[in-house]
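See below for the structure under consideration.
The values are calculated or read from the model by the stated rules, or taken from the named source; none is laboratory data. Just so it is clear, the structure is predicted and the values come from calculations on it, not from any experiment. Heads up, the Cβs are rebuilt from the backbone with ideal geometry, glycines too, and the neighbour counts pull from every protein chain shown.
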Amino acid sequence: MDRELLIQKAMKARKMAYTPYSGFQVGAALLTDDGQIFTGCNIESASYTPSNCAERTAFFKAVSEGIYDFQAIAIVGGPAEQQELEICAPCGVCRQVMMEFCDPETFEIILAKNMKEYQVYTLKELLPMGFGPKDLER
């Protein structure tokens, strides 16, 4: 897996963010098991509730195309006018969506400031007692 390529794609996706209210732009690049990359950006709404995070946008694009197996996601974020990015962790709702589709032991979440400065976590590290499909098996 080329982490730097994923970070680059996430940075490009961030530029497409629609954030007229918060001004905080997030981009994500999701790597599938078969090597495809789906990108997403955050999209805000004046009523806030229907807003969508970059990570979920990427997942929903992939799932809508019939893809359900994922290896990693790169996430970048920061204020729109700021070139220097900060570490931007996924929210709880995004972590729960990841739990639905990803193996918490192996799925990598790459939180990047730039191409060289990033942190890598497994989903289990960011959601240690996650509830997922296996919890509903009988």
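Taking the conditions (1) surrounded by 12 or more Cβ atoms within 10 Å (Cβ to Cβ); (2) closer than 16 Å to Arg3 by Cα; (3) modelled with pLDDT of 95 or more in turn, Met115 satisfies each one other than (3). Residue-level analysis places Phe60 outside the set of residues that are touching a strand residue (DSSP E or B) at 6+ places or on another chain (Cβ under 9 Å) and not in a helix (DSSP H, G or I). If you go through region 80-111 and pick out every residue that is among the small types (Gly, Ala, Ser) and under 11 Å from the mean Cα position of the chain (by Cα), you end up with 1.
Selection of region 49-108 for residues being out of contact with any Leu (no Cβ under 8 Å at 6 or more places or on another chain), polar (S, T, N, Q) and under 27 Å from Asp135 (Cβ atoms) yields Thr49, Asn52, Thr57, Ser64, Thr106. Which of (1) modelled with pLDDT of 95 or more; (2) over 14 Å from the mean Cα position of the chain (by Cα) does Tyr48 not meet, given it meets every other one? All conditions pass for Tyr48, except number (1). If you go through region 73-130 and keep only what is of a type in the set (A, V, I, L, M, F, W, C), in a strand (DSSP E or B) and touching a Cys at 6+ places or on another chain (Cβ under 6 Å), you end up with just Ile75.
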